[in-house]
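The block underneath contains the structure these notes are about, expressed in C-alpha cells.
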Amino acid sequence: MDFATLAMISLAALVGPLLALPQRWHVPVVVGELTAGVVLGPSSVGYLRPGNGTFAFLADIGFALVMFVAGSHVPVRDPGMRAGLRIGALRALFAAVLAVPLALGIAALFGTGHAALYTVLLASSSAALILPMIDSLRLQGTPVLELLPQVALSDTACIVALPLVIETQRAGRAALGALALTACAAVCFVVLRHFERTGSRRRLHRLSQNRKWALELRISLTIVFALAAVAVRTHVSIMLAGFCFGLVVAAIGEPRRLARQLFAVTEGFFGPLFFLWLGASLDLRQLGRHPSFILLGLLLGTAAVAVHAAMRLTGQPTSLGTLSAAQLGVPVAAAALGSQLHVLKPGEAAALMLAALVTIGAAAGAGILAARAAPTNAPATNQ
C-alpha cells in the first residue's frame, strides 16, 4: 500500500457517484464502487490486493464506519415509528417466518448448508437504502408510517443475528460477545444521554465549533474504535460495534455538525475504500467456474422480493412490500464476513451481492409505482 494506490482508490471511488448521477435510475453509489473494486481486483486487472494487511485494516475501519452510519439512519426517534410499531413488528416477524422454508429449500438445492444465513438475508431490509428512497419519492400516508418500523426492526434484528449464523459452530461464543458489546453500547447510551440532558453536550458543541476542534467527531471515533476493539477481543464482527453505536447516536439525536463530519469521513474516503476492497475480494472468476451460483444469487434475490411482497396478505400494498425488500448492509456484511472467515463456498460471496442487486432493482421499480399510485393529499411522514 502506497500513495499511488491510495490515489487510484480515490479515483476509482468516483465511479460510484458517476453511475448514480441519473436520479431516475435510483442506482446506489456502492454499486459503482463495488464494480470498480471487481475491475481493479484479482478478477480482472489485479491492481488491488484485498489480502494486503494495510488495505484490509483500512477496509475494516470503513466497515465499522459504514455500519455506524447505517445504525444512525435507523429512525429511532421518528414519531412514525411509534404510530406503526405494532403492525410493523408483526410484518417483520411474518417475513422472517416466511423466509425459513425458502432458505431451507435454496440451501438444500445448492448444497451449501447455509440455510440460517439465507434466512437472515431473505428477511432483511436496508434502512439506509430504503429511507432515502422514500424521501426522494415523497411517499406519504399511513402505509408508509407502518413501513418505517418494519424496515428498522428487520434491519436491526438481521444485523445482530448475522454474526451468529455466519459461523453456526461458534454461535455460542458469538452470542456472548454480542451480549458484551450490547452492554457496552448501553453504557454509552446512558452516559451520553446524561450529557445531553444536563446540557454538557451542547456546551461541548459550542466550544468545539468556536475553537474549530471537532471534539464531537473525535469522541465519536474514539467510542466506535473502542467498541470495535471489544468486538475483536470477544470474537464478534466489528460491524456490530459500528451499528450498535449508530443506534445509540440515533436514539439520543445526532447533532447536524457531527452528521456532516461523519458523512465527510465515511463517504469521502473510508466507505468507498471498504466497498472497493469488498469488490476486489469478490472473485467473479469463481462464478464462471461455478455458474450454478449465478442461479443462487438470482434465486436469493427473487425469494427475498417474494417474502416481502407477501406482506400483501397483511394489507400492505405490494409496491411498498417490494420496496422493503431492498437489501444492502446485510448482504455486504455477509460477503465481507464470509470472505474474512473463509466460511463461504467459492463464488458464494459474489452470489450474495448479485442477490442484493436483484432486490435493489425490484425496490427501485416498486418505489416508482408506489409514487405514481400515492394520493396527492396524504398526510406527511415527517421524514
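The values are calculated or read from the model by the stated rules, or taken from the named source; none is laboratory data. The structure presented is a predicted model; accordingly, all values stated were derived computationally and were not measured. Glycine gets a Cβ as well: all are built from the backbone with ideal geometry, and neighbour counts include every protein chain shown.
Each row is one residue, and each column tells you yes or no for (1) out of contact with any Cys (no Cβ under 8 Å at 6 or more places or on another chain); (2) within 22 Å of G329 (Cα to Cα); (3) modelled with pLDDT of 90 or more; (4) part of a helix (DSSP H, G or I).
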position: M1; (1), (2), (3), (4): yes, no, no, no
position: M8; (1), (2), (3), (4): yes, no, yes, yes
position: L11; (1), (2), (3), (4): yes, no, yes, yes
position: R24; (1), (2), (3), (4): yes, no, no, yes
position: G32; (1), (2), (3), (4): yes, yes, no, yes
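Taking the numbered list (1) assigned to a helix (DSSP H, G or I); (2) of a type in the set (V, I, T); (3) under 19 Å from the mean Cα position of the chain (by Cα) in turn, V97 passes all entries but (3). Looking only at segment 141-176, filter to residues that are farther than 22 Å from L247 by Cα and small (G, A, S); which one of those is surrounded by the most Cβ atoms within 10 Å (Cβ to Cβ)? Ranking the qualifying residues of segment 141-176, first place goes to G141.
Which ones in segment 191-227 are on the phi > 0 side of the Ramachandran plot and not charged (D, E, K, R)? G199, A214, listed by residue number. When the criteria are applied in full, V15 meets the requirement of being more than 19 Å from T359 (Cα to Cα), without any contact (Cβ under 8 Å) to a residue 60 or more places away in the chain, in contact with an Asp or Glu (Cβ under 7 Å, 6 or more places away or on another chain) and among the aliphatic types (A, V, I, L, M). Scoring V74 on the criteria (1) part of a helix (DSSP H, G or I); (2) in contact with an Asp or Glu (Cβ under 9 Å, 6 or more places away or on another chain); (3) within 30 Å of L344 (Cα to Cα); (4) of a type in the set (V, I, T) leaves a single failure, condition (1). Name the residues in segment 254-265 that are in a helix (DSSP H, G or I), within 21 Å of F189 (Cβ to Cβ) and either of a type in the set (A, V, I, L, M, F, W, C) or in contact (Cβ under 8 Å) with a residue 40 or more places away in the chain (or both), would you? Across segment 254-265, the qualifying residues are R257, L258, A259, Q261, L262. Scan segment 301-313 for residues that are surrounded by fewer than 24 Cβ atoms within 10 Å (Cβ to Cβ) and more than 17 Å from A356 (Cα to Cα) and jot them down. Passing the criteria: A310, R312, L313.
In segment 76-88, the count of residues that are crowded, with 19+ Cβ neighbours inside 10 Å, at pLDDT 90 or above and either farther than 28 Å from L217 by Cα or not small (G, A, S) (or both) is one or more. If we scan segment 177-195, do we find a residue that is surrounded by 11 or more Cβ atoms within 10 Å (Cβ to Cβ), small (G, A, S) and touching a His at 6+ places or on another chain (Cβ under 8 Å)? Within segment 177-195, one or more residues are surrounded by 11 or more Cβ atoms within 10 Å (Cβ to Cβ), small (G, A, S) and touching a His at 6+ places or on another chain (Cβ under 8 Å).
Residues in segment 23-75 that are surrounded by 18 or more Cβ atoms within 10 Å (Cβ to Cβ) and on the phi > 0 side of the Ramachandran plot: H26 alone. If you check V187, V165 for being within 18 Å of the chain's Cα centre (by Cα), free of Cβ contacts under 8 Å to residues at least 60 places away in the same chain and over 17 Å from L328 (Cβ atoms), only one passes: V165.
Scanning segment 197-240 for residues that are in a loop (DSSP other than H, G, I, E, B) and without any contact (Cβ under 8 Å) to a residue 24 or more places away in the chain gives G199, K212, W213. From the list Q327, Q316, the lone residue that is more than 27 Å from G16 (Cα to Cα), among the polar types (S, T, N, Q) and surrounded by 19 or more Cβ atoms within 10 Å (Cβ to Cβ) is Q316. Exactly one residue out of G253, G246 is under 22 Å from L227 (Cα atoms) and more than 18 Å from the chain's Cα centre (by Cα), and it is G253. Residues in segment 203-248 that are over 19 Å from A56 (Cβ atoms) and touching a Pro at 6+ places or on another chain (Cβ under 9 Å): H205, E216. L298 meets the conditions (1) surrounded by fewer than 19 Cβ atoms within 10 Å (Cβ to Cβ); (2) touching a residue at least 60 places away in the same chain (Cβ under 8 Å); (3) over 19 Å from S125 (Cα atoms) in every case but one. The failed one is (3). Scan segment 57-95 for residues that are over 29 Å from P149 (Cα atoms) and free of Cβ contacts under 8 Å to residues at least 24 places away in the same chain and report the count. Count: 1. Test T54 against the stated conditions and say whether it is outside any loop (DSSP other than H, G, I, E, B), without any contact (Cβ under 8 Å) to a residue 60 or more places away in the chain, farther than 16 Å from T266 by Cβ and not small (G, A, S). Taking the combined requirement at face value, the residue satisfies it. The residues of segment 108-162 that are β-branched (V, I, T) and in a helix (DSSP H, G or I), listed by number, are T119, V120, I130, I134, T142, V144, V151, T156, I159, V160.
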